[in-house]
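Chemist: This is the structure I want to talk about, given as structure tokens.
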Amino acid sequence: MTDWGSLPEAREDESKRMRILVIGGTTFIGRHLVAQLAKLGHEVTILHRKAEHEFGKKVENLQADRNDLTQLGRTLAGKKFDAVFDNAYDWERGTPASAVEGLGKLVCEQVSRYVFMSSVAAYGDGLNHHEGDALAADDWPDRYARQKAQSERALFKLHQRYGLQAVTLRPPFIYGPGNPFYREQFFWDRLRDKRALVLPGDGRRLMQFLYVKDLVAAMVKALDTPTAVGHAFNIANPRAMTQAEVIDALAAAAGKETKVVRIPRERILRTGGHPMGPHLYFGMYFDLPPITLLVNKAQRILAFKPCSFDEGLKETYKWYLRHHAKPDIDYRFEDQLLGLSQMAS
């Protein structure tokens, strides 16, 4: 993984050099994005809530809470940018559409591109979505899905009314080096401990993935593709996979044999399992009702060509072996599930 304190040397192409503001550039997607933008020779500024970052002096640091529009306005006063990447979402408090709209209004007249990180969750639910499908309604029960959908609607209104050069991206599960969510690592930790893996239900629930570096490539492409302005893009590996296939791919990437035990989802939940923990059974927030995407539009307009899931997992496993500190895992809940399954069989 990139050493964030020593960014690669920039490519010299002053004609394409841009001043770029990255909102939320210090975690997973943002780290890869900032490193790539710096490599391409852009002048990058990060805005986040901390007083410093890990990228060194090549990347400017601005400290502000993006949800506080008054503070944000003071921090950005007098600053000029050619483009904005809006990646940040506050998982504790949420990031309402008003915060996204407020930032859009602050930079509307100066930026040639405003790229917003939305999510497959913005659709709410359903399979095989294309970009013209309706997004989650304003009364959708899940806050994250609701706020992503509302934020997209707000940005496209700014585009229509004031000319904001907005582009939104809707990825599914993102994986790759530096993933802060306990997902790929969840399975590899158990495979290394020679544990049986719990497969909820019949294992046929669909999941769709995107390698973080492919997402970053699409984000950068959205910067200089004129026909991208005013559009949303589904960004994902074209083929959705069953949960059983996902486990097989994770095991293959690690070169490990595994035993899989199918356990009815109702029994998992009744016993105390939850997709967000503390009693995880299939990785952090991984066992969700499926939402899948069609990506023809991104392939056509952004020349989107993602790597295969297997290829991305191999690179991610290399990072995992070098950087992941396996926690001291309490397997009592999983042992309870496996024991109940044995009794029921």
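Read-outs: derived from the displayed coordinates by stated rules, not from any lab. Owing to the predicted nature of the structure, the values given are computational and were not obtained by experimental measurement. When we count neighbours, we look across all protein chains shown, and the Cβ atoms used for this are built from the backbone with ideal geometry, even at glycine.
Chemist: Taking a threshold of 24 Å on the Cα-Cα distance, which of the pairs K259/K314; K194/K326; K39/K326 fall above it?
Modeler: K39/K326
Chemist: Does anyone have the angle between helix 97-107 and the longest principal axis of the chain? Alpha-carbon axes, 0 to 90°, nearest 10?
Modeler: 30 degrees
Chemist: In whole Å, what three semi-axes, largest first, describe the equivalent ellipsoid of the chain built from its Cα gyration tensor (square root of 5 times each eigenvalue)? Display every interim value, and only then the final one.
Modeler: Values: eigenvalues 261, 100, 72 Å².
Result for the chain: semi-axes of 36, 22, 19 Å.
Chemist: With angles folded into 0 to 90 degrees, how steeply does helix 143-162 sit against the dominant principal axis of the chain? Use alpha carbons for both and round to 10.
Modeler: 20 degrees
Chemist: Looking at P200, P177, W188, which one has the Cα that reaches farthest to the positive end of the dipole of the range 90-244 (charges on Cβ: Lys, Arg +1; Asp, Glu -1)?
Modeler: Value computed over the given set: W188.
Chemist: Compute the acute angle (0 to 90°) between the alpha-carbon long axis of helix 332-344 and the principal axis of greatest extent of the alpha-carbon atoms of the chain; round to the nearest 10°.
Modeler: For 332-344 against the chain, the angle is about 50 degrees.
Chemist: With viscosity set to 1.306 mPa s at 10 °C, what whole-number translational diffusion coefficient in µm²/s follows for the range 179-274 from Stokes-Einstein and a Kirkwood radius over Cα pairs?
Modeler: Taking Rh from Cα pairs, D becomes 100 µm²/s.
Chemist: Taking the beta-carbon count within 10 Å as an exposure proxy, list D330, D90 from fewest neighbours to most.
Modeler: Details: D330 10, D90 15.
Ascending number of Cβ neighbours within 10 Å: D330, D90.
Chemist: Rounding to the nearest 20 debye, state how big the charge dipole of the range 216-345 is about its Cα centre with +1 on each Lys and Arg Cβ and -1 on each Asp and Glu Cβ.
Modeler: Values: 16 positive and 13 negative charges, 54 e Å.
Dipole magnitude for the range 216-345 comes out near 260 debye.
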